[in-house]
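Each value in this text was obtained by applying a stated rule to the coordinates, not by laboratory testing. All values reported here derive from a predicted model rather than from experimental measurement. For neighbour counting, all protein chains shown are included, and Cβ atoms are generated from backbone atoms with ideal geometry for every residue, glycine included.
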Amino acid sequence: MDEYITRNEHEEFCRRMESENNRLEDENNRQNKRITLLEETVRQINELTVSVKEMAVNMANMLEEQKKQGERLGALEGKDGKMWQKVTEHAVTAIVGAVICYMLMHVGL
């Protein structure tokens, strides 16, 4: 208890502590800025994740709709194809019938 520090030692200690406090405050400010930037980045990544999820759902819905449209288109195209096939069959039948009638008329029946 007999040992006291001098005024100069006390002032030097205060200067060092103030310098260290300033350094720590600067470091805290830098870290706070970094944390703010990271939080913003995480927020953007979350928004992007939500957007990608919504896009995936929309793509799945579009795929289902395309399948339905494909089935409807196939049915419509098949209907026209079947109609032309029937028309062709009837035309061929009529032509064959006419040829047979012509041949039978020449034979004398």
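Applying the criteria of a DSSP loop state and at most 13 other Cβ atoms within 10 Å to the chymotrypsin sites (Phe, Trp or Tyr not before Pro) of segment 3-109 yields Y4. Put a plus charge on the Cβ of each Lys and Arg, a minus charge on the Cβ of each Asp and Glu, and nothing anywhere else: the dipole of segment 14-84 about its Cα centre is then about 140 debye. Take every Cα-Cα distance within the chain, group them into 10 Å bins from 0 onward, and report for each bin the whole-number percent of pairs it holds. Spelled out per bin, shortest first, that is 11, 12, 11, 10, 9, 9, 8, 7, 6, 5, 4, 4, 3, 2, 1, 0. Think of the chain as a dipole: +1 on every Lys or Arg Cβ, -1 on every Asp or Glu Cβ, centred on the Cα centre; then among V92, N58, T41, V92 lies furthest on the positive end.
Here each label is just a point 7 Å from Cα along the line to Cβ, and for V107 and H10 those points are 14.2 nm apart.
Charging the Cβ of each Asp and Glu at -1 and of each Lys and Arg at +1, and nothing else, the dipole of segment 57-109 about its Cα centre rounds to 80 debye.
Would you mind computing, in nm to one decimal, how far apart the modelled labels at N32 and M59 are, each placed 7 Å from Cα along Cα→Cβ? Rounded to a tenth, the inter-label distance reads 4.3 nm. Its Cα gyration tensor gives segment 28-91 an equivalent ellipsoid. The semi-axes, each the square root of 5 times an eigenvalue, are 61, 7, 4 Å from largest down.
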